[in-house]
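The structure appears right after this line, and notes come after that.
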Protein chains: 2
Amino acid sequence: MERVAIIGASMTQFGRRESWIRELLAEAGTECLADAGVEGDAVDHLYVANMASGEFEGQTGIMNALAHDLDLLPAYTERVDQTSSSGGAGIYAAWRSVASGASEMSLLVGGEKMTHRSTAESTDIIASITHPVEYKHGVTLPSFAGLTARYYLDRFDAPRESLARVAAKNHKNGVDNPKAQFRKEVDVETILESPIVADPLRLYDFCPITDGSAALLFCPESVAKAHADEYVVVAGVDGATDTHVVHEREDPTTMAGVVESGKGAYELSGYGPEDVDVAELHDMFTILEFLQMEGLGFAEKGEAWKLVEEGYTEKDGELPINTSGGLKSKGHPLGASGVAQGVEIYEQLTGEAGPRQVDADVGLCCNVGGFGNCVITTIMEAAA
Amino acid sequence: MERVAIIGASMTQFGRRESWIRELLAEAGTECLADAGVEGDAVDHLYVANMASGEFEGQTGIMNALAHDLDLLPAYTERVDQTSSSGGAGIYAAWRSVASGASEMSLLVGGEKMTHRSTAESTDIIASITHPVEYKHGVTLPSFAGLTARYYLDRFDAPRESLARVAAKNHKNGVDNPKAQFRKEVDVETILESPIVADPLRLYDFCPITDGSAALLFCPESVAKAHADEYVVVAGVDGATDTHVVHEREDPTTMAGVVESGKGAYELSGYGPEDVDVAELHDMFTILEFLQMEGLGFAEKGEAWKLVEEGYTEKDGELPINTSGGLKSKGHPLGASGVAQGVEIYEQLTGEAGPRQVDADVGLCCNVGGFGNCVITTIMEAAA
């Protein structure tokens, strides 16, 4: 089977946008095609990663609208939803599309428009990801994060500050990302003194609500060679579920979806955790960065916090994590986030990351749906 | 590349159901695995074809819930949305999943729960498929059907009765389908005297609003041989878009999505229209059956109505169309419909169609999203 390449990447400004979802998707899609130097009529499949345009905006069929707006007809279109990991699911879908031979050029555009709704309305829509036995009693994703963080800190004797360091690091990285929602450093003291949301987690332990879109263009490696000087290869990708009801998990500090999808992606790629030079992890809540570091084999169980404290995951550390600023500072437009993780790894591997550039040949993205209900891990390598 | 087989099929009772979407999906999924004699732990990918569980029911993340309910963990899950052709898109997604080597056993479950909402509410949700320039002026899918039917009848000098014959035929076929929403014959006079909805189309030219779910199980043909005595092979499948704005189409009696997806599916399969023994077409509105017959090459342009009048598409005709009863009598739970088309073809090709059985080795399904905004055509053949 021929390897699947990525030859173009783009993302819109993340933040509070006046544009509607259709406009955001069209903006990212247009820029991605331009980035790759590919005309729309070469695209035969279009995947739109989006969780809830109907719920947020009352507009469905956005994949067909986008095919029209980008002048891609008669390309096949499909909307891919895997809640907050829809973007990662979109990467997996586009990969399968090319790997199966069904498509020679698949455009993936992820996006979400959220900020026009109140925080209460957004929370309601997002809470419906989880099991009714949870959200009907008011247990939302932030509550799970708080409970998990408390347990992690107690069990592994980790200081509260270590979580704040994740947020501080990612905010620092985000300063260098012109597309990020927040471009300001936030120090550990400010984080520790911010309002409590779900004890022990405070405001700055959470990602914001965001509008935005991101895009990637996939094709067989042979086609990539003809189109682009620089491209990346999707070396491995896999997805896996964990229990839908969080309290059924044996150990809430192990995210089985992360472990299983990581295992699959490593196996397909032939790489191991020690080969990864840069990673984008799903820091929707600071505690998740620890759990993914451990689930993916970057740290021993219960020890991710030590690596964070040592600076191991800083931009100039051994394994830079979330050089883009992460969901924390870049923002988290649900369907866009997993795609934007891929955009950052693409730019790092092709040397286009500007002030965020690190030295990397192999990169990894981990995109988490719900509270780990489904996770997609993707490993990319720079073209030889 | 190894061929992709289907080894199990099921559908729930279609109609007005007291169950919620999660229960409907679980019912079809459980029955499909039982039909194939496959345990849940063999399933590595789960696709849920569903347009709007969030909009209809306030519940998202249903693919993760279903993985949990069917005990499929850690199978990868994804929701596939292509509006009213989500089921056909699900078939295409499951096919790519196996064809790419990503999955050895992919379960597809399509479903929608609609009848608890008022007709006005359902119409609002469905209208949002189309372009805002259309639905904001009150032009919904039934209006397009009326306008297209008027034009077709005038242009091709076809009698109004020919449309009624489509509905009468499909209602007659539905009598033999125990899962159909309506199991009663309706004569041409009754159809022609039913209330006008969108002139010239009347109540009986339209499919109903329905709850229901359907499922199919996909694997490589080598795996199928080990699991099942009888199975079918997905010989060809493709999807294609047409303009999002209907008035931009050069000829409203040609559905470009049907033509293009049919072309792709024929090409991949090596079959032509003359090889098809039985077909399930998307008769959401009677006029669509004419347009698909012509777009797929079963009839010359402007002549499908003649074949229908001649009885060519009756159960005992040359090419039986909608032996299941079609969307017209079986019902149209959006995400389930395309999957249920596949279930009917599977049962016809494996000799399990009971009183609906016809003599068939090659079958075709055509699933239409929106008013032809995206169409998926699938061709299946009985295992040699």
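Only the coordinates and a few stated rules stand behind these numbers; no lab work does. Since we're looking at a predicted model, the values are computed, not measured. All Cβ positions, even for glycine, are placed from backbone atoms using ideal geometry, and neighbour counts span all protein chains on display.
For this structure, a couple of remarks:
- Ascending list, in nanometres, of distances separating the A:G272 label from those of the other copies (7 Å, Cα toward Cβ): 5.8
- Pseudo-label separations to other copies for A:D316 - Cα-to-Cβ vector, 7 Å, nm: 8.7
- Per-residue shielding of B:48-59, expressed as the average number of other chain Cβ atoms within 10 Å of the residue Cβ, stands at 4.
- Between helix B:141-155 and chain B: long-axis angle, C-alpha atoms, 0 to 90°, nearest 10: 50
- Choice from B:D69, B:D277, B:D124 showing the highest fluctuation, given a GNM over chain B with Cα pairs closer than 10 Å: B:D124
- Across peptide A:368-379, the mean count of Cβ atoms from other chains lying within 10 Å of each residue's own Cβ comes to 3.
- Sequence-separation-based contact order of segment B:108-232, relative, with Cα cut under 8 Å and 6+ spacing, percent: 35
- Per-residue mean of C-beta atoms belonging to partner chains within 10 Å, peptide B:237-248: 5
- Cα gyration tensor shape of segment B:310-361, rounded if a/c is under 1.5, else prolate or oblate by comparing a/b with b/c: oblate
- Qualifying trypsin sites (Lys or Arg not before Pro) in segment B:178-276, where qualification requires a DSSP coil assignment and no more than 15 other C-beta atoms within 10 Å, comprise B:K184.
- Cα shape, segment A:246-353, gyration tensor, a/c 1.5 rule: rounded
- Cβ-vector label at 7 Å, A:D251, separations to other copies in nm: 6.6
- The angle between the Cα long axis of helix B:286-295 and the main principal axis of chain B comes to about 70°, on a 0 to 90 degree scale.
- Compactness index (Cα Rg / 2.2 N^0.38 Å), chain A: 0.90
- For segment B:163-243, applying the loop criterion from DSSP together with a ceiling of 16 other beta carbons within 10 Å to the GluC sites (Glu not before Pro) yields B:E185, B:E230.
- For segment A:1-73, the spread of Cα positions along each principal axis, largest first, Å: 39, 24, 23
- Based on the reciprocal of the average 1/r between different C-alpha atoms, the Kirkwood radius for the protein assembly as shown equals 25.8 Å.
- Comparing A:I21, A:I62, A:I345 in a Gaussian network model of chain A, where Cα atoms under 10 Å apart are tied by springs, the biggest mean-square fluctuation is seen for A:I62.
- Sparse-neighbour loop sites [trypsin sites (Lys or Arg not before Pro); segment B:291-384; at most 15 other C-beta within 10 Å; DSSP]: B:K301
- Taking all Cα pairs closer than 8 Å and separated by 6 or more residues, the relative contact order of segment A:245-384 comes to 31 percent.
- When each of the peptides B:250-258, B:211-219 is scored by the mean number of other C-beta atoms lying within 10 Å of its residues, the order from highest to lowest reads B:211-219, B:250-258.
- Degrees, to the nearest 10: A:21-36 long Cα axis against longest axis of chain A: 60
- Shape category assigned to segment B:56-105 from the gyration tensor of Cα positions, a/c cut at 1.5: oblate
- Quotient of C-alpha Rg and 2.2 N^0.38 Å, computed over segment A:108-200: 1.30
- The peptide list B:29-39, B:96-106, B:70-80, put in order of mean Cβ contacts within 10 Å with the highest first, becomes B:70-80, B:96-106, B:29-39.
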